[in-house]
Amino acid sequence: MTFDAVSRGQAAAEPAQSLPATHDRSSRPDGAEIKAMTGLRGVAAVLVTTYHYYPPSAIAQPALSRFIGKGYLWVDVFFILSGFVLALNYAHLFAGGWNVRRWLGFLMRRLARIYPLYLVLVAGAVLMTLLAYGHLRPDNPAPAVGLPTPARDLLANLLMMQSWGITRSINGPSWSISTEWAAYLAFPVLVGVALFSRAGTALIATLGVAALMLGTVGLTTLDGAYHSGPLDAYDGTTIQPLLRCFGGFVLGLLTYRLVRLPRVLAWVSHDVTLGIVIVLLVSGFALGVHDLVVYPLFAPLVLGLYGNRGRIGQVLGSFPIYWLGVVSYSLYLLHDYLIGPRDGLFDWLQARIPAAWAHAATIPTIYAALLLIAGLAYYGVEAPSRRWARRLGRA
């Protein structure tokens, strides 16, 4: 998930002089734009989950099958959102250039956000595998942990470096967390290029984003591995996930740069414009158009939600959808563990009732279980770790 948090409606710190605020938020309810973007993260997490739970071949309706089959692209929304929201909250720390103390403070806050639950899941999977098999060798059957080079690969996973072209992730979805950690490490440099630079440099950065995404597509096309689509790069033993993440993350930073342009922000955030962007996205997914055609639409979607004062922002910021966004990191990291139980429940029901009824019973049951587990993980692990980190920062 990828995941930074658009976290609990917290407002950004005051921007530095070199990154001026450009529109009046006085007429906006406090934190409303943050809630809408948090809601978008929740929707994206659910759609990634659905992509993994229901492969396109299992869905008879063609448009719905294509829409769900493009679900891997919602991970790119995570990357773009992370770049945008971290710029909103932390870019001002580096307006004057690289500062080691501020950089380390930034990294500690990011670790407090992503590492506790990540570590719990990695350690739990390793412990259960060792208890069951006594080793982490690759012949361990799934869902046990099996690593090609156990010592190296376990260390890489613990350091969140595994998807830098090193090895597979012990927790499958966390390949994206590993790549985002690399983006956090480079954050001062990236914001310097994308935000605190002249227009010409920003244009070069935009061309760099295009090159990264084209490079990802080229590599997935030529590597001979299975991919659901051109941007479905997730194999941590290659550099493809890093290229994909850095492209999206920098695009998020560049998108935040547009906040400086009030007229552009007002136009993109209007309900009509934002509605057109959403319709184009949904249509592109349902029609199965090339990833690189729909991908650029994620930038105006995020920028528009940030500035939106209308119905769309209100819907995505409403409590149920906002809450999905609050627990989205837990939901994203945990959803893989329920694929086996989902299959088992469906098979058990199908042996007793018609398949259509079995599906109708399995879908709400498995999503309800996932939301319950994600909520427990958020309130039991994520939230306490954040409070501990804030207390540590004040000490």
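Against the definition (over 21 Å from the mean Cα position of the chain (by Cα) and in a loop (DSSP other than H, G, I, E, B)), how does residue 268 come out, yes or no?
On the way: over 21 Å from the mean Cα position of the chain (by Cα): yes; in a loop (DSSP other than H, G, I, E, B): no.
Judged against the criteria, residue 268 is not a match.
Within region 150-160, can you find the residues that are in contact with a Ser or Thr (Cβ under 8 Å, 6 or more places away or on another chain) and open to solvent by 60 Å² or more (accessible area, probe 1.4 Å)? Before the answer, list the steps.
Within region 150-160, the subset in contact with a Ser or Thr (Cβ under 8 Å, 6 or more places away or on another chain) is 152-153, 156-157, 160.
The answer is 152, and nothing else.
Quick grid of which residues meet (1) under 22 Å from residue 179 (Cβ atoms); (2) at pLDDT 95 or above; (3) basic (Lys, Arg):
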| position | (1), (2), (3) |
| --- | --- |
| 54 | no, no, no |
| 63 | no, yes, no |
| 75 | yes, yes, no |
| 114 | yes, yes, no |
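Test each condition in (1) surrounded by fewer than 18 Cβ atoms within 10 Å (Cβ to Cβ); (2) closer than 30 Å to residue 95 by Cβ for residue 184 and report the one that comes out false.
(1)
List every residue pair whose Cβ atoms lie under 7 Å apart, where the two residues are 6 or more positions apart in sequence or sit on different chains, the first residue falls within region 327-354 and is in contact (Cβ under 8 Å) with a residue 60 or more places away in the chain, and the second residue, located anywhere, is open to solvent by 50 Å² or more (accessible area, probe 1.4 Å).
Note: pairs meeting the criteria are 334/373; 335/52; 336/52; 339/52; 340/143.
Just wondering, is there one or more residues in region 68-82 that are of a type outside the set (Ser, Thr, Tyr), out of contact with any helix residue (DSSP H, G or I) (no Cβ under 7 Å at 6 or more places or on another chain) and closer than 18 Å to residue 172 by Cβ? Spell out how you get there, then give the answer.
Filtering region 68-82 down to residues of a type outside the set (Ser, Thr, Tyr) leaves 68-71, 73-81.
Filter once more, keeping what is out of contact with any helix residue (DSSP H, G or I) (no Cβ under 7 Å at 6 or more places or on another chain): none.
Checked against the condition, which is being of a type outside the set (Ser, Thr, Tyr), out of contact with any helix residue (DSSP H, G or I) (no Cβ under 7 Å at 6 or more places or on another chain) and closer than 18 Å to residue 172 by Cβ, region 68-82 yields no hits at all.
Can you run down the residue pairs with Cβ atoms below 7 Å, 6 or more apart or on separate chains, where the first is in region 130-155 and in contact (Cβ under 8 Å) with a residue 60 or more places away in the chain and the partner is crowded, with 16+ Cβ neighbours inside 10 Å?
none
Among the residues of region 22-32, is there at least one that is assigned to a helix (DSSP H, G or I), touching a helix residue (DSSP H, G or I) at 6+ places or on another chain (Cβ under 8 Å) and at pLDDT below 95?
Restricting attention to region 22-32, the residues satisfying the condition of being assigned to a helix (DSSP H, G or I) are 32.
Retained after the next criterion (residues that are touching a helix residue (DSSP H, G or I) at 6+ places or on another chain (Cβ under 8 Å)): 32.
Add one more test, that the residue is at pLDDT below 95, and what stays is 32.
Yes - at least one qualifying residue is present in region 22-32.
Please work out if residue 276 is assigned to a helix (DSSP H, G or I), at pLDDT below 95, open to solvent by 40 Å² or more (accessible area, probe 1.4 Å) and of a type in the set (A, V, I, L, M, F, W, C).
no
Given (1) closer than 30 Å to residue 192 by Cα; (2) touching a Gly at 6+ places or on another chain (Cβ under 9 Å), where does residue 56 come up short, assuming only one miss?
(1)
Search region 59-89 for residues being farther than 18 Å from residue 43 by Cβ and under 18 Å from the mean Cα position of the chain (by Cα), and hand back the single one that is surrounded by the fewest Cβ atoms within 10 Å (Cβ to Cβ).
89
Quick one: what pairs do we get from region 307-326, first residue under 19 Å from residue 275 (Cα atoms) and assigned to a loop (DSSP other than H, G, I, E, B), second open to solvent by 20 Å² or more (accessible area, probe 1.4 Å) and among the acidic types (Asp, Glu), C-beta under 9 Å, 6+ apart or different chains?
Sorted first by the residue in region 307-326, then by its partner, the pairs are 308/271; 309/271; 310/271.
Within region 122-143, work out how many residues are hydrophobic (A, V, I, L, M, F, W, C), within 22 Å of residue 335 (Cβ to Cβ) and open to solvent by 20 Å² or more (accessible area, probe 1.4 Å). I'd like the intermediate steps shown before the answer.
Initially, region 122-143 is screened for residues hydrophobic (A, V, I, L, M, F, W, C), giving 122-123, 125-128, 130-132, 136, 142.
Still in the running and within 22 Å of residue 335 (Cβ to Cβ): 122-123, 125-128, 142.
With the extra rule that they be open to solvent by 20 Å² or more (accessible area, probe 1.4 Å), the set shrinks to 123, 127-128, 142.
Qualifying residue count for the region: 4.
If you check 231, 243, which single one turns out to be in a helix (DSSP H, G or I), modelled with pLDDT of 95 or more and aliphatic (A, V, I, L, M)? Break it down into steps so the answer makes sense when it comes.
Details: 231 fails: in a helix (DSSP H, G or I).
From the options 231, 243, the qualifying one is 243.
Residue 165 is checked against (1) without any contact (Cβ under 8 Å) to a residue 60 or more places away in the chain; (2) surrounded by fewer than 16 Cβ atoms within 10 Å (Cβ to Cβ); (3) at positive phi and fails just one. What number does that condition carry?
Unmet condition: (1).
Out of region 327-354, which residues are assigned to a helix (DSSP H, G or I) and under 21 Å from residue 82 (Cα atoms)?
To start, the set of residues in region 327-354 that are assigned to a helix (DSSP H, G or I) comprises 328-350.
Listed by number, the residues that qualify are 328, 329, 330, 331, 332, 333, 334, 335.
Quick check on this structure: which one of 220, 255, 206, 273 is out of contact with any strand residue (DSSP E or B) (no Cβ under 7 Å at 6 or more places or on another chain), touching a residue at least 12 places away in the same chain (Cβ under 8 Å), within 30 Å of residue 149 (Cα to Cα) and among the β-branched types (Val, Ile, Thr)?
Sole residue among the options that is out of contact with any strand residue (DSSP E or B) (no Cβ under 7 Å at 6 or more places or on another chain), touching a residue at least 12 places away in the same chain (Cβ under 8 Å), within 30 Å of residue 149 (Cα to Cα) and among the β-branched types (Val, Ile, Thr): 220.
I'd like to check something: does region 169-179 contain any residue that is among the hydroxyl-bearing types (Ser, Thr, Tyr), touching an Asp or Glu at 6+ places or on another chain (Cβ under 9 Å), open to solvent by less than 10 Å² (accessible area, probe 1.4 Å) and in a helix (DSSP H, G or I)?
Looking only at region 169-179, we keep the residues that are among the hydroxyl-bearing types (Ser, Thr, Tyr), and these are 169, 174, 176, 178-179.
Checking which are touching an Asp or Glu at 6+ places or on another chain (Cβ under 9 Å) leaves us with none.
Scanning region 169-179, I find no residue that is among the hydroxyl-bearing types (Ser, Thr, Tyr), touching an Asp or Glu at 6+ places or on another chain (Cβ under 9 Å), open to solvent by less than 10 Å² (accessible area, probe 1.4 Å) and in a helix (DSSP H, G or I), so the answer is no.
Give me a count of the residues in region 309-360 that are closer than 30 Å to residue 267 by Cα and either of a type outside the set (Phe, Trp, Tyr) or surrounded by fewer than 16 Cβ atoms within 10 Å (Cβ to Cβ) (or both). Reasoning before the result, please.
If we filter region 309-360 for residues that are closer than 30 Å to residue 267 by Cα, which is where we start, we get 309-326, 328.
Right, trim to either of a type outside the set (Phe, Trp, Tyr) or surrounded by fewer than 16 Cβ atoms within 10 Å (Cβ to Cβ) (or both) and you get 309-321, 324-326, 328.
Of the residues in that region, 17 qualify.
Just checking, which of 91, 142, 123 is farther than 30 Å from residue 304 by Cα and assigned to a helix (DSSP H, G or I)? First the steps, then the outcome.
Numbers: 91 fails: farther than 30 Å from residue 304 by Cα; 142 fails: assigned to a helix (DSSP H, G or I).
Result of the check over 91, 142, 123: 123.
The values are calculated or read from the model by the stated rules, or taken from the named source; none is laboratory data. Here the structure is a predicted model, which is why all the values come from computation and not from measurement. FYI the Cβ positions are ideal-geometry reconstructions off the backbone, even for glycines, and counts take in every protein chain you see. The area values use the complete protein model at the heavy-atom level, side chains included, leaving out ligands, DNA and RNA. Shrake-Rupley method; radii C 1.70, N 1.55, O 1.52, S 1.80 Å.
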